[in-house]
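Engineer: Pasting in a structure now, in structure tokens, and then I'll have a few things to ask.
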Amino acid sequence: MRIASAASAFPAHHYTQRALVQAFLQHWAALLAEPRKLELLHHNVGVDGRHLALPIDEYLGLTFGKANDAWIATAQVLGAEVARKALDRAGLQPKDMGAIFFVSVTGIASPSIDAMLVNRLGLSPQIRRTPIFGLGCVAGAAGISRAADYVKAYPDQHALLVSVELCSLTIQKQDISVANLISSGLFGDGAAAVIVSGDNASGATASGDHARATGPRIVDSRSVFYPDTEDVMGWKISETGFRIILSPDVPNVIGAHVREDAEALLAPHGLALSDVGTWILHTGGPKILRATQDALGLGENGLAVSWDCLRRMGNLSSASVLIVLEEILERRRPEPGTWSILAAMGPGFCSEMVLLKW
């Protein structure tokens with residue numbers, strides 16, 4: 001099993017963090033006892049700017065229904081764009097895909113977005129579809145793991161993973177809780193796609209060549225659920241949409257478990273943490289990245305790509321770890337033989353880790 005390609009795509013509307021905080025201050029000024037705290041929260045998340053699904057002046061009039069309609073429309077466009085990019089990078093055609101996994105936690109649709117992508121992309125009518133909702137930030141890593149399980153069972157096939165997260169459409173305009181204020185400064189919009197290829201898979205490109213499976217080999221994966229942590233992260237669904245649940249305990253939960261999880265993934269292969277040359281981590285936020293660094297004994301350079309992606313685009317929920325993967329695959333590729341761990345955490349509370357070898 002191998003990662004054949006990774007790609008990203010973003011909405012056209014981009015705003016600096018300063019422009020966004022000014023818009024939020026204008027909206028929330030009368031509700032906030034200390035508006036300066038909002039500026040500090042937005043500054044402390046370490047984000048320079050973010051992409052939004054809609055122009056900023058269109059958000060005030062959104063109801064839950066209108067926001068979800070915008071999610072459906074934008075998710076189809078971004079999903080198709082990012083899938084085509086991943087297919088092109090892998091030298092594959094849409095009909096070469098045996099399965100499609102679609103992950104998101106920022107909108108709902110039935111038929112699901114993957115069904116709409118079958119028509120938009122010209123995927124095979126026999127393609128196996130798996131839409132996944134509710135895994136949140138962990139879903140990018142979980143999607144790779146599930147796609148790997150699929151091509152392990154069907155080694156002559158390719159699986160397409162698509163993530164679209166439009167976090168801006170979930171912001172609660174009347175909620176001035178700390179969790180929502182942090183969310184308003186941290187989360188952005190974007191999409192990512194990854195193609196996972198089986199050991200015996202090949203596909204005809206436009207020029208008749210075989211698919212170029214040049215990414216890292218997927219060696220193993222590990223899923224861990226932490227009991228009695230359902231209230232750490234997630235959504236409370238109400239008449240106004242998705243209201244974020246974000247406990248201050250998230251970094252502590254990660255710090256308490258991530259090292260043990262990584263060591264358990266490595267041990268069956270005779271590996272230790274010191275054997276991991278590249279870490280591909282979800283861009284959860286500064287506190288989460290620092291908690292991960294401390295638990296794993298890494299300096300800040302050990303997660304430099306994650307920090308850079310966080311700064312450039314914010315936290316994109318499930319798409320984040322896939323965009324970090326793309327950055328490493330396309331521009332910061334490790335030496336052949338390097339071991340990597342790709343990892344993310346999310347609602348449940350849980351973790352997903354994938355062991356890779358370049």
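Each value in this text was obtained by applying a stated rule to the coordinates, not by laboratory testing. A quick note: this is a predicted structure, and the numbers were derived from the prediction, not measured. Counting neighbours? That spans all protein chains shown, and the Cβs are built from the backbone with ideal geometry, glycine included.
Engineer: Check cross-link reach from LYS66 to the aspartates and glutamates: straight Cα distance under 15 Å, and skip same-chain residues fewer than eight apart.
Structural biologist: LYS66 reaches ASP57, GLU58, GLU239.
Engineer: What ranking of SER177, SER110 emerges when the number of other C-beta atoms within 10 Å of each C-beta is taken as an exposure proxy, fewest first? Intermediate values should be presented prior to the final figure.
Structural biologist: Details: SER177 13, SER110 7.
The most exposed by this proxy come first: SER110, SER177.
Engineer: Just from its helices, what would the mean residue ellipticity at 222 nm be for the chain, if runs of 4 or more DSSP H residues each count -39500 (n - 2.57) and the sum is divided by every residue, rounded to the nearest 500 deg cm²/dmol? Before the final figure, lay out the partial values.
Structural biologist: Values: 10 runs with 134 residues, N = 358.
Estimated from H runs of four or more residues: -12000 deg cm²/dmol.
Engineer: Sticking with this structure for a sec: Please compute the modelled spin-label separation between GLU330 and ARG311, points set 7 Å along Cα→Cβ, answer in nm with one decimal.
Structural biologist: Placing both labels 7 Å beyond Cα along the Cβ direction yields 1.9 nm.
Engineer: Let me ask another. By how many nm would the segment from ALA153 to LYS66 grow when fully extended, if each residue of separation counts as 0.36 nm and the alpha-carbon distance is taken off?
Structural biologist: On the way: separation 87, 0.36 × 87 = 31.32 nm, distance 4.05 nm.
Stretched fully, the ALA153-LYS66 segment lengthens by 27.3 nm.
Engineer: For MET313, what is the net charge nearby, where nearby means another residue's Cβ is under 13 Å from its Cβ and Lys, Arg count +1, Asp, Glu -1? Show your work: numbers first, answer last.
Structural biologist: Values: positive: ARG50, ARG311, ARG312; negative: ASP48, GLU165, ASP189, ASP308, GLU326, GLU327.
Its environment carries a net charge of -3.
Engineer: With an 8 Å cut-off on Cα pairs and a minimum separation of 6 or more residues, tell me the relative contact order of segment 2-197 in percent.
Structural biologist: Relative contact order for segment 2-197 comes out at 34 percent.
Engineer: For the chain, what is the relative contact order in percent, using Cα pairs closer than 8 Å and at least 6 residues apart in sequence? List each step's numbers first, then the result.
Structural biologist: Numbers: 802 pairs, mean separation 90.6, N = 358.
After rounding, I find 25 percent.
Engineer: Beta carbons within 10 angstrom, averaged per residue: use that to sort the peptides 295-305, 184-194, highest first.
Structural biologist: Details: 295-305: 15.4, 184-194: 27.8.
Top of the packing list down: 184-194, 295-305.
Engineer: So, one more: Aspartates and glutamates within cross-link reach of LYS236: Cα-Cα under 14 Å, excluding same-chain residues under 8 positions apart?
Structural biologist: Of all the aspartates and glutamates, those that pass the test against LYS236 - Cα under 14 Å, at least 8 places apart if same chain - are ASP175.
Engineer: Taking LYS85 as the anchor, which lysines have their alpha carbon closer than 23 Å to its alpha carbon, excluding any fewer than eight residues away along the same chain?
Structural biologist: LYS95
Engineer: Now a separate question. State the extension gain, in nm to one decimal, for the chain segment bounded by ARG129 and SER274, taking 0.36 nm per residue of separation less the distance between their alpha-carbons. Each step should come with its number before you reach the end.
Structural biologist: Numbers: separation 145, 0.36 × 145 = 52.20 nm, distance 3.81 nm.
Fully extending the segment from ARG129 to SER274 adds 48.4 nm.
Engineer: Taking the Cβ-Cβ separation of ASP231 and ARG84 as r and a Förster radius of 25 Å, what is the calculated FRET efficiency to the nearest 0.05?
Structural biologist: Values: r = 40 Å, r/R0 = 1.58.
Efficiency at R0 = 25 Å is approximately 0.05.
Engineer: Mind checking which of SER145, SER274, SER163 has the largest fluctuation in a GNM of the chain, springs on alpha carbons under 10 Å?
Structural biologist: Looking only at SER145, SER274, SER163, the biggest GNM fluctuation is shown by SER274.
Engineer: Going by how many other Cβ atoms sit within 10 Å of their own, how do PHE10, PHE225 line up, fewest first?
Structural biologist: Ranking PHE10, PHE225 by Cβ neighbours within 10 Å, fewest first, gives PHE225, PHE10.
Engineer: If I build a Gaussian network model for the chain, linking alpha-carbon pairs within less than 10 angstrom, which residue out of GLU327, GLU260, GLU34 has the largest mean-square fluctuation?
Structural biologist: GLU34
Engineer: Continuing with this model, one more query. Which of TRP307, TRP235 comes first, and how do the rest follow, when ranked by fewest Cβ neighbours within 10 Å?
Structural biologist: Taking fewest neighbouring Cβ atoms as first place, the list is TRP235, TRP307.
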